[in-house]
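Report on the following structure.
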Amino acid sequence: MKLENQFCFAVYACAREITKLYHPLLKELNLTYTQYITMLALWEKDDVSVKELGERLYLDSGTLTPLLKKLEASGHLTRTRDQSDERSVRIVLTEQGRSLKERACTIPEQLYRQYGMGIEELTGLRNTMTDVLKKIHDHGQSQESN
């Protein structure tokens, strides 16, 4: 029961430290880390429902809605009711939101240099964490269906 033996603490502390590294870079773009990952998801696939975006980011609508409102107020995206399903809200990048990608494209490389690890080591670690996330998510889904 020692703190340093807890997997969850290592992940939590590491995530906080990584987010701190992003802060000065994202400040130049006027984005928070959560807004940045939202924009990353939208740069990959635009014109998505809030539900689809939330599933992709592992964020619930209570967290995602205020974040999207701020991005909309900043002029990066629009939120509109889906014409075919009034219950669904669609998220579409504006031209300003799309062009922000050009300014953000150097961020990953800048961060790799700050990690003090090689690209192969970072890639392996990311793949491991992605596998852990998938297993946790899949296990949670199977528990919900029981």
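Quick notes on this one:
- S142 vs. criteria among the hydroxyl-bearing types (S, T, Y), over 20 Å from the mean Cα position of the chain (by Cα) and not assigned by TED's automatic domain parsing to the domain that holds Y12: yes
- Test: residue in the range 53-65 that is exposed (fewer than 12 other Cβ atoms within 10 Å of the Cβ), within 17 Å of the chain's Cα centre (by Cα) and over 19 Å from V11 (Cα atoms): yes
- Among the conditions (1) in contact with a Ser or Thr (Cβ under 9 Å, 6 or more places away or on another chain); (2) farther than 30 Å from R113 by Cα, A73 misses just one, which is (1).
- Inside the range 89-112, residues that are of a type in the set (G, A, S) and crowded, with 16+ Cβ neighbours inside 10 Å make up a count of 2.
- In the set T38, T65, T34, only one residue is over 25 Å from T106 (Cα atoms) and not charged (D, E, K, R); that residue is T65.
- Residue count, the range 120-146 (criterion: farther than 25 Å from Q35 by Cα and either outside any helix (DSSP H, G or I) or at pLDDT 85 or above (or both)): 8
- Considering the range 11-89, the qualifying helices (runs of 4 or more DSSP H), each wholly inside and each with 2 or more residues that are among the acidic types (D, E) and either touching a helix residue (DSSP H, G or I) at 6+ places or on another chain (Cβ under 8 Å) or closer than 28 Å to M129 by Cα (or both), run over 50-57.
- In the range 60-91, the residues that are modelled with pLDDT under 90, closer than 12 Å to V48 by Cα and not charged (D, E, K, R): S88
- Within the range 97-128, tally of residues that are within 22 Å of E44 (Cα to Cα), out of contact with any Phe, Trp or Tyr (no Cβ under 6 Å at 6 or more places or on another chain) and in contact (Cβ under 8 Å) with a residue 24 or more places away in the chain: 8
The values are calculated or read from the model by the stated rules, or taken from the named source; none is laboratory data. Note that the coordinates shown come from a computational prediction; the quantities given were computed from them, not determined experimentally. Reconstructed Cβ throughout: ideal geometry from the backbone, glycine too, with neighbour counts over all protein chains shown.
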